[in-house]
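A short worksheet on the structure shown next.
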Amino acid sequence: MGLKKIGVIYLLVMLFSFTTKGQEIAYLNKFKIPIQDTSKYAPFFKRIIETQGKERKTEIITTSEQLVYQKVEELGSDSNPISSIEFWFTEEGILQEKTISDLTKDRSTISRFFPNGNLESIIEKKGDAIVSEKYFFETGKKRKKPIIESALPVGGLEAWNIFLGQNLRYPPSAQRMGYEGTVFVSFIVTKDGQMEDIELTNPEENHFLLNQEALRVVKLYTGLWNPLKIDGEVQKTRMRMPIRFKLTD
C-alpha cells in the first residue's frame with residue numbers, strides 16, 4: 001500500500017510540474033501532422049509548445065534536434081495572441097522565411113530569403129489582401145514579381161475531378177459502418193509532368209479502407225500534369241490533393 005501511495009504522489013507531482021510549465025509535446029510525421037501511434041509511424045519531427053506568462057513559444061525540431069520552425073506569440077489578457085513572429089528554417093538550419101504579425105490590426109509582414117541570406121521578397125498584408133510587395137534577385141538587386149504557373153493536371157482540375165468521379169469507389173464496409181473523411185494524398189509532379197512518390201499525409205485521421213481507396217485511385221491516374229513554372233523555368237514540386245468521402249442521406 002505504501003508503495004502505491006508513493007507512486008500516486010510521484011505521478012501527481014509529475015503531472016503538476018508538466019501542467020505548470022504549460023508544455024505540450026507532439027511527434028509529427030514528414031508532413032508535420034501529429035502522430036498518435038509512434039510505434040506504427042516513425043516520427044520525423046517533434047513539436048514543443050510552451051507557455052510562460054504572456055508568452056507562448058512553439059518550436060518544431062527534427063529527430064536530430066535541428067530547429068526548423070519557431071513561433072513566439074504575445075498573449076493578451078484573454079490568453080489569445082495579439083502579436084507573433086515566426087521563423088521557418090531548412091533542415092540544415094538556413095532561414096527561409098520570417099513573418100511578423102500584429103493580430104490587433106490584422107496586419108503581417110512576410111519576408112523570404114535566399115540560401116545566401118539575402119532578401120528574396122517582402123510582402124505586407126492587411127488580412128488576406130496584399131498592401132505592398134517587393135522582390136529581389138539573389139544579388140540583392142530589385143526585380144519584377146515572378147510569374148508563377150502552378151502545376152495542374154492536363155485539362156485542368158475539371159479533368160481531375162471527372163477522373164475521380166468516374167473511378168473513386170466508396171468502400172462498402174466503410175460506407176456501411178458510416179465512415180467519412182478527407183484523405184490527403186501527396187505526390188511530386190516532375191519536370192516532365194509525371195507523378196511520383198505518392199503517399200498519404202494524414203493516414204491516422206481516417207479509416208484504413210478510405211486510405212486504401214484514396215491511394216488506389218490516385219495511383220490509377222495516368223494523365224500528365226503541366227509542371228510548375230517560375231518565370232518560364234520548369235520545376236518539380238510537391239502537391240497535396242484532397243480525396244473526400246462523404247455519405248449522403
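What follows draws every value from the coordinates through simple rules; no lab data is involved. Note that the structure is predicted; figures quoted are calculated from it, not measured. Note that we place each Cβ from the backbone using ideal geometry, even for glycine, and neighbour counts take in every protein chain shown.
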### Per-pair calculated FRET efficiency, R0 = 22 Å: Lys40 and Ser64 via Cβ, rounded to 0.05
0.55
### Message
Please compare each pair in Lys142/Lys236; Lys219/Lys246; Lys98/Lys219 to a cut-off of 28 Å on the Cα-Cα distance and tell me which ones are over it.
### Response
Lys98/Lys219
### Message
What FRET efficiency comes out for Asp197 versus Thr90 if R0 is 22 angstrom and r is the Cβ-Cβ distance? Round to the nearest 0.05.
### Response
0.70
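Convert 4 °C to kelvin, take the viscosity as 1.567 mPa s, use the Kirkwood radius over C-alpha pairs of the chain as Rh, and evaluate the Stokes-Einstein diffusion coefficient in µm²/s, rounded to a whole number.
Numbers: Rh = 22.0 Å.
Stokes-Einstein gives a translational diffusion coefficient of 59 µm²/s.
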### Task
Mind jotting down a quarter of the surface of the convex hull over the alpha carbons of segment 149-245, in square nanometres, one decimal?
6.0
### Task
Report the charge-dipole magnitude of segment 146-249 in Debye, nearest 20, computed about the Cα centre from +1 at each Lys and Arg Cβ and -1 at each Asp and Glu Cβ.
240
